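J.: Below: one structure in structure tokens.
The values are calculated or read from the model by the stated rules, or taken from the named source; none is laboratory data. What you see is a predicted model, and the numbers here were worked out from it, not measured in a lab. Here the Cβ positions follow ideal geometry from the backbone for every residue, glycine too, while neighbour counts run over all protein chains shown.
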Amino acid sequence: MSTKRDFLAIPNFSSEELKALLQRAARLKSGADTAQLTGKSLGMIFKKSSTRTRVSFEVGMTQLGGHAIFLSDRDSQFGRGETIHDTAKVLSRFVDGIMVRTFAHAEVEELARHASVPVINALTDLLHPCQIVADLQTIAEDFGPDHDARTVAWIGDGNNMANSWLNAAYRLGFSLRLACPVGYDPDPEILARAQGAANVLLTRDPKEAVEGADVVTTDVWASMGQEDEAQARMAAFAGYIVDDALMGRAQAQAIFLHCLPAHRGEEVSASVIDGPQSRIFTEAENRLHVQKAILLELMG
């Protein structure tokens, strides 16, 4: 009897497994490996609203021959006080896998602990692993599969994206430079672990982070659930915009990534996000392919 696997964080996969996952995602993008989840169902729990996550997982399951069931916090018992324990036990009797997009990372961990089917973290306030795997695929399409030869610059909040970049550097060994304002650092334990395995720099200077980088990436300054902090964050992040001048410090062939949605004129200028170095829409598409690879790895 096989033991079920979850994907809650990038380190759930070894470096070799992560590389194999990216290779499978590339094959899926070329049209291979279709209809391998015929007759299987994915339960999708959403406590946070979504465009890319919902559409990519739902379309991915359809393309693999399976079925996805959307469960919002507003119209399920999960949103009316049913415990995570009971939700996990009940859904495990109906579906072959559970995807969850929520606020507290502890909720995803508890769901995985009690579910007898695989659980996929589609986003928490701590981590956003599916997005980073899509970003890694996007980087490989420009630079090849040797991620350890690349330098990635993260500009902005030490949020779930920054934490997941750290986890990716921990697994794949690429150089990572994070420029974060004081008070907005990434998770200290995740940072320390990555610094023990890769060349990871935390700085207050975006110019230092971007100098000679192959990839420049950022995110909104106030994520969902942080709207009441927007004014304070606008002040703290002044000077952290990715504009043409900052991109000019990166390698000439450097690419720009953003997980979207973006606020043009805040964390990134319109000229960068819509410019020739931007890969944001390829990056968004790659969510579909890497998540299909993850679904096949866990449910196939």
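Quick grid of which residues meet (1) in a loop (DSSP other than H, G, I, E, B); (2) touching a Gly at 6+ places or on another chain (Cβ under 8 Å); (3) surrounded by 15 or more Cβ atoms within 10 Å (Cβ to Cβ); (4) hydroxyl-bearing (Ser, Thr, Tyr):
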{"position": "3", "(1), (2), (3), (4)": "yes, no, no, yes"}
{"position": "16", "(1), (2), (3), (4)": "no, no, no, no"}
{"position": "28", "(1), (2), (3), (4)": "no, no, yes, no"}
{"position": "34", "(1), (2), (3), (4)": "yes, yes, no, yes"}
{"position": "42", "(1), (2), (3), (4)": "no, yes, yes, no"}
{"position": "65", "(1), (2), (3), (4)": "yes, yes, no, no"}
{"position": "85", "(1), (2), (3), (4)": "no, no, no, no"}
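J.: Right, next: State all residues of the stretch 56-80 that are among the β-branched types (Val, Ile, Thr) and in contact (Cβ under 8 Å) with a residue 40 or more places away in the chain; if no residue qualifies, say none.
T.: 59
J.: Only one of 143, 70 is out of contact with any helix residue (DSSP H, G or I) (no Cβ under 6 Å at 6 or more places or on another chain) and not assigned by TED's automatic domain parsing to the domain that holds residue 189; which?
T.: Going through 143, 70 in turn, the sole match is 70.
J.: If you take the residues of the stretch 229-286 that are within 17 Å of residue 210 (Cα to Cα), part of a helix (DSSP H, G or I) and aliphatic (A, V, I, L, M), which of them is farthest from the chain's Cα centre (by Cα)?
T.: 245
J.: Within the set of pairs 6+ apart or on separate chains, which have a first residue in the stretch 203-223 that is within 16 Å of residue 161 (Cβ to Cβ), a second that is of a type in the set (Val, Ile, Thr) and surrounded by fewer than 18 Cβ atoms within 10 Å (Cβ to Cβ), and C-beta atoms under 9 Å apart?
T.: 209/203
J.: Look at residue 23 and say whether it is assigned by TED's automatic domain parsing to the domain that holds residue 294 and more than 21 Å from the chain's Cα centre (by Cα). So that I can check it myself, show each step before the final result.
T.: Working: assigned by TED's automatic domain parsing to the domain that holds residue 294: yes; more than 21 Å from the chain's Cα centre (by Cα): no.
Against the criterion (assigned by TED's automatic domain parsing to the domain that holds residue 294 and more than 21 Å from the chain's Cα centre (by Cα)), residue 23 does not qualify.
J.: Within the stretch 180-199, is even one residue under 15 Å from residue 217 (Cβ atoms), crowded, with 18+ Cβ neighbours inside 10 Å and of a type in the set (A, V, I, L, M)? Spell out the reasoning first.
T.: So the first thing to find is which residues in the stretch 180-199 are under 15 Å from residue 217 (Cβ atoms), and the list is 180, 186.
Narrowing the set further to residues that are crowded, with 18+ Cβ neighbours inside 10 Å leaves 180, 186.
Filter once more, so that each one left must be of a type in the set (A, V, I, L, M): none.
No.
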